[in-house]
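Here the structure is laid out as C-alpha cells; the discussion comes afterwards.
Values quoted throughout were computed directly from the atomic coordinates according to the rules given, and no laboratory measurement underlies them. From a predicted model like this one, the values you see are computed outputs, not experimental measurements. So basically every Cβ, Gly included, is an ideal-geometry build from the backbone, and we count neighbours across all protein chains shown.
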Amino acid sequence: MVILPSAYMPSVEYVARLLREECVIDLGENYVKRSERNRASILSANGVMHLTVHVENANRPRQRMRDVKIDYSKRWQHQHWVSILSAYKSSPYFDHFAHLLEPFYRREWRFLVDYNMEYLEVLLRLLGAKCQISTSEQYVEAGAEDFDMRPKQKKDSTFVAEPYFQVFSDRMPFHPNLSVLDLLLCEGRSAMDGVLMSCRL
C-alpha cells in the first residue's frame, strides 16, 4: 500500500500512484512545514516556482493535519493565480480548464485538508480519471511493505517520470514531477494515457 499525505496541487508521481496503486491519504497525521501538504511546484519562465498556501500557527508542534487552518491575512491566493496565469496562459489547455481552477483562488476554505481534497477531486475529474479516493482520519502506521510518501526525506522511489511537452520546452530542459497541474494544462486528458500510465513506478 502507498500512504500519501494530503497535498496541495499534488505532483505527477502522487497522482500516478493514486491511480495505479492501492493508496490511502492520511488525514490523521501531523502537519509538516515546507512540504507538499501546502506547497506545490509549477514551471515559470524563470524555472521551477514553489507556491505555498499560508496556514495559521505553522510553527505549532504536533498539529494534526485535520486541524490546520488556512491563513488569508496575506494575498497568497492572488499571488498563486497570477503566477499560474503567467506560467500557463499560453498552454494548450488553459482556456479549457481555467474557469474550474480559478474558484480555488477566489473562495475561502477554512481547513487545509478540505481545500486540498476538493482541489484534488477537480484535477482528477479534469484528467478524466475514475478512482475511489481512500482516506483515513486516524494516523496510518506504515508496514514493512508499504511505500510511505509522508516523510520529507522519502525512502528511495522507483518513480521515473515520462517526459511531455512543457510550456517552456523551447528554452529549458524537461522538469519532471512538477504539480500535475503542469501536466494537465500541457497535455489535457491525453495526459492519462500518454503520460500518467507510462510513468514507471
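Label ASN46 and TYR105 with points 7 Å out from Cα along Cα→Cβ: what is the distance between them in nm?
Label-label distance for ASN46 and TYR105, simple model: 1.7 nm.
State whether region 12-66 is rounded, prolate or oblate according to the following rule on the C-alpha gyration tensor (a ≥ b ≥ c being the square roots of its eigenvalues): a/c under 1.5 gives rounded; otherwise a/b larger than b/c gives prolate, and the remaining case gives oblate. Can you show the working numbers first?
Numbers: a/c = 3.70, a/b = 1.09, b/c = 3.41.
In terms of gyration-tensor shape, oblate.
As a test of the definition: which semi-axes, in Å, follow for the chain when you take the square root of five times each eigenvalue of its alpha carbon gyration tensor? Largest first, please. List each step's numbers first, then the result.
On the way: eigenvalues 124, 93, 45 Å².
Each semi-axis is the square root of five times an eigenvalue, giving 25, 22, 15 Å.
Based on the Cα coordinates of region 49-154, what is the per residue volume of their convex hull in Å³?
Details: hull volume 16.5 nm³, N = 106.
Value for region 49-154: 155 Å³ per residue.
Can you give the convex hull volume of the alpha carbon atoms of region 89-201 per residue, in Å³?
Numbers: hull volume 16.8 nm³, N = 113.
It comes to 149 Å³ per residue, whole-number rounded.
May I ask you to derive the relative contact order of region 17-65, considering only C-alpha pairs under 8 Å and at least 6 residues apart, and to give it as an integer percent? Before the final figure, lay out the partial values.
Values: 36 pairs, mean separation 19.6, N = 49.
Reported relative contact order: 40 percent.
Output the relative contact order of region 61-138, whole-number percent, from Cα pairs under 8 angstrom with separation of 6+ residues.
Reported relative contact order: 42 percent.
Check PHE111: other-chain or 5+ apart residues with amide H under 5 Å from its amide H, H built from backbone geometry?
ILE70
Based on the mean of other Cβ atoms within 10 Å per residue, sort peptides 161-173, 17-29 so the most packed one is first.
Put in order of decreasing packing, that is 17-29, 161-173.
If the cut-off is 24 Å between C-alpha atoms, which lysines fall inside it for LYS152, apart from same-chain ones fewer than 8 positions away?
Within the straight-line cut-off, LYS152 pairs with LYS33, LYS69.
Would you kindly state how much longer the chain becomes between LEU85 and SER190 on full extension, computed as 0.36 nm times their sequence separation minus their alpha carbon distance, in nm to one decimal?
On the way: separation 105, 0.36 × 105 = 37.80 nm, distance 2.17 nm.
Stretched fully, the LEU85-SER190 segment lengthens by 35.6 nm.
Taking H as built 1.01 Å from N, whose amide H comes closer than 5 Å to the amide H of VAL2, not counting residues under 5 places away?
Here GLU22, CYS23, VAL24, PHE147 satisfy the definition.
State the Kirkwood hydrodynamic radius of region 138-201 in Å, one decimal place, computed from all pairs of distinct Cα atoms.
Working: mean 1/r = 0.0720 Å⁻¹.
Hydrodynamic radius (Kirkwood, Cα pairs) of region 138-201 is 13.9 Å.
Mind listing the long-range amide H neighbours of ASN30? Cut-off is under 5 Å, sequence gap 5 or more, other chains count too, H placed in the peptide plane at 1.01 Å from N.
Close amide H contacts, sequence-distant or interchain: MET65.
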